[in-house]
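In what follows, a structure is listed as structure tokens, so that the remarks can point back to it.
Derivation of every value follows stated rules applied to the coordinates shown; laboratory data play no part. Owing to the predicted nature of the structure, the values given are computational and were not obtained by experimental measurement. All Cβ positions, even for glycine, are placed from backbone atoms using ideal geometry, and neighbour counts span all protein chains on display.
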Amino acid sequence: MSDNNFDLIVIGAGPGGYHAAIRGAQLGLTVAIVEKDDGSGIGGLGGVCLNWGCIPSKSLLKNAELLNQMKNPEKWGFYFKDFSADISKAVDRSRSVSKKLTQGIDYLLKKNKIFLIKGSATLKSSTSVNVNDDTFTAKNIIIATGARPRSLPSLEIDKEIILSSREALELRNKPETLAIIGASAIGCEFAYYFNAYGTKVTLFEIMDRIVPKEDEEISKELQRQFRKQGINTNTATHINKVTKSTTQITLEFENSGEKKVSTFDKVLLGVGIKPNSDNLGIEALGININENGFIEIDEYMRTNVNGVFAIGDVTGKLPLAHVAFDQGIIAAEFVAGKNPQGIDDYQQIPRCTYSSPQIASIGITEEEARNKGINYSIGKVPFQVAGKSIAIDEPEGFAKIISDKETGEILGAHIIGAEATELIAEIGMLKYLEGTDQELHKLTHAHPTLSEVIKESAANINNQAIHF
């Protein structure tokens, strides 16, 4: 092997990229990984997830959760004098967490003898990549360049008044008023965070409910709990006009036929992503992309060009870090001549929202089951059936399981409540094994645990729940 020739080059060291690189190295491939750091905060080892996404945002959400608990200290037998919360310290902690984990990625790359190339990559052929005027060659290339926040025509991100999640993560002075456009996972998480620190938050969603891709009952419950927390939500809402000054922004919008006007200090956009597929040279290679610029792949992450793969958000399949993890491993194993199980159904992968209450789901919703004409059963119980939820003072929410009425096979699960994002893993394993509601019910769950809500919801399918 020459210094610039490898078995595999991975473009992008985000969640999918570093997983692909490490798995390839484990399988005996010589691997290089390309990562840019252009000062925008988008680049860097670990990608958006570790630097400006999953990890730092969850750090901030933990701060918000603790702050909300401390708002009623007497309930817990605590008494504070002149209690205050400093949002800038929350940001400091999140940056520290991010730095620690990105340093860990650097260690893992070195441990696995992966050659790190710093700079922006351009594909010159299906086997060669240019970085900083140097050419590197490989038998196979994996594109893992991720995606970035999308603007709207009348709301172009300016990083001052109109923000993406990237800028919101570093706000050290909380806005007094904040509009969040888009009430999916990112919008709802930031709504919870800023509301905890005293910002007056208003959510805007063009669909008829918040978290519109979730089960309809989940959407209703989250909206109910947000209302209790003081978060204002506007669904089925269209923004007609935007007027921006140097310090504020005014939105004219229509909600249920009624025209309204509101002024805010900041606007945060959570309206989706656009792929980092531009300036890569993929057009010259003839790599197929869809109408939104996402790279088209098969179940093994292969593009239509032999030897070129794509993984993660740049594919638009399901823009979640854990999806990129699995895609990267599958692609690397395929390159190494293994026979990995491909991904042909992204609905069987867990989807999580880390607001409080948390949301986690897998499989189909009840509406989808109904539309497909499936003969299904529902088991639904409130979190209060698990005694621990009362003990930790988080009794709100429910678990809902959908199963095939004839076979009992689990078709979908939807949880809203404390630690929902941890509880979903059990059902994911059961679905992977094509398990049934009866097996989920009969499995002994430790007491007291929140996981008992899963057991009871499965039991409820056959009217056998003890605590409901």
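Tabulated results
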read-out: Net lengthening on full extension, Lys100/Thr135 (0.36 nm per residue, minus Cα-Cα); value: 9.4 nm
read-out: Computed E for Asn255/Phe83 - FRET, C-beta separation, R0 41 angstrom, nearest 0.05; value: 0.65
read-out: Convex hull (Cα only) mean projected area of segment 386-468, reported in nm² to one decimal; value: 4.9
read-out: Loop-located trypsin sites (Lys or Arg not before Pro) in segment 359-390 whose Cβ has at most 10 other Cβ within 10 Å (DSSP); value: Lys372
read-out: For segment 174-324, Kirkwood radius (reciprocal of mean inverse C-alpha pair distance, Å); value: 17.6
read-out: Counting all C-alpha pairs of segment 325-435, share separated by more than 22 Å (%); value: 42
read-out: Label point distance in nm, His467-Leu318, each placed 7 Å from Cα along Cα→Cβ; value: 2.9
read-out: Cysteines, the chain, no other Cys beta-carbon under 4.7 Å; value: Cys188, Cys352
read-out: For the chain, share of DSSP beta bridges that run antiparallel, in % to the nearest 5; value: 60
read-out: Cβ-derived FRET efficiency at R0 51 Å, Asn279 paired with Ile390, nearest 0.05; value: 0.40
read-out: Relative contact order %, segment 377-468, counting alpha carbon pairs below 8 Å whose residues are six or more apart; value: 35
read-out: Extension gain, Arg370 back to Ala425 (0.36 nm per residue minus Cα-Cα distance, nm); value: 17.3 nm
read-out: Equivalent ellipsoid semi-axes, segment 1-149, via Cα gyration tensor eigenvalues times 5, rooted, Å; value: 42, 15, 11
read-out: In sequence order, calculated HN-Hα J values of segment 127-135 (Karplus, 6.51, -1.76, 1.60; Hz; x Gly/Pro); value: 10, 9, 9, 9, 9, 6, 6, 9, 10
read-out: Hull volume in cubic angstrom per residue (convex hull over the Cα atoms of segment 135-246); value: 167
read-out: Cα pair distances exceeding 18 angstrom across segment 119-187, given as percent; value: 57
read-out: Relative contact order (percent, whole number), the chain, Cα cutoff 8 Å, 6+ residue spacing; value: 14
read-out: Listed residues Leu178, Asn255, Tyr192: farthest to the positive end of the dipole of segment 178-271 (Cβ charges); value: Leu178
read-out: Gain on full stretching of the segment that runs from Glu170 to Gln438 - 0.36 nm per residue minus C-alpha separation; value: 91.8 nm
read-out: Prolate/oblate/rounded call for the chain, Cα gyration tensor, a/c under 1.5 rounded; value: oblate
read-out: Inter-label distance, nm, simple model (7 Å from Cα along the C-beta direction), Asn68/Lys110; value: 4.0
read-out: Cα-based equivalent ellipsoid of segment 90-135: semi-axis lengths in Å, sorted from largest, via gyration tensor; value: 30, 15, 7
read-out: Charge dipole magnitude, Cβ of K and R +1, D and E -1 - the chain, Cα centre, debye nearest 20; value: 1080
read-out: Furthest towards positive pole of dipole, Ala369, Leu163, Ala420, structure part the chain, Cβ charges; value: Leu163
read-out: Those lysines that a straight Cα-Cα span of less than 24 Å connects to Lys372, excepting residues fewer than 8 apart in one chain; value: Lys213, Lys220, Lys317, Lys380, Lys400, Lys405, Lys431
read-out: Computed E for Gln248/Lys213 - FRET, C-beta separation, R0 22 angstrom, nearest 0.05; value: 0.10
read-out: Average Cα contact separation per residue, segment 274-414, under 8 Å, 6 or more apart, as relative contact order %; value: 14
read-out: Prolate/oblate/rounded label for segment 278-345 (Cα gyration tensor, a/c 1.5); value: oblate
read-out: Mean residue ellipticity (222 nm) of the chain, computed from DSSP H runs ≥ 4 via -39,500 (n - 2.57), nearest 500; value: -9500 deg cm²/dmol
read-out: Cα gyration tensor shape of segment 64-158, rounded if a/c is under 1.5, else prolate or oblate by comparing a/b with b/c; value: prolate
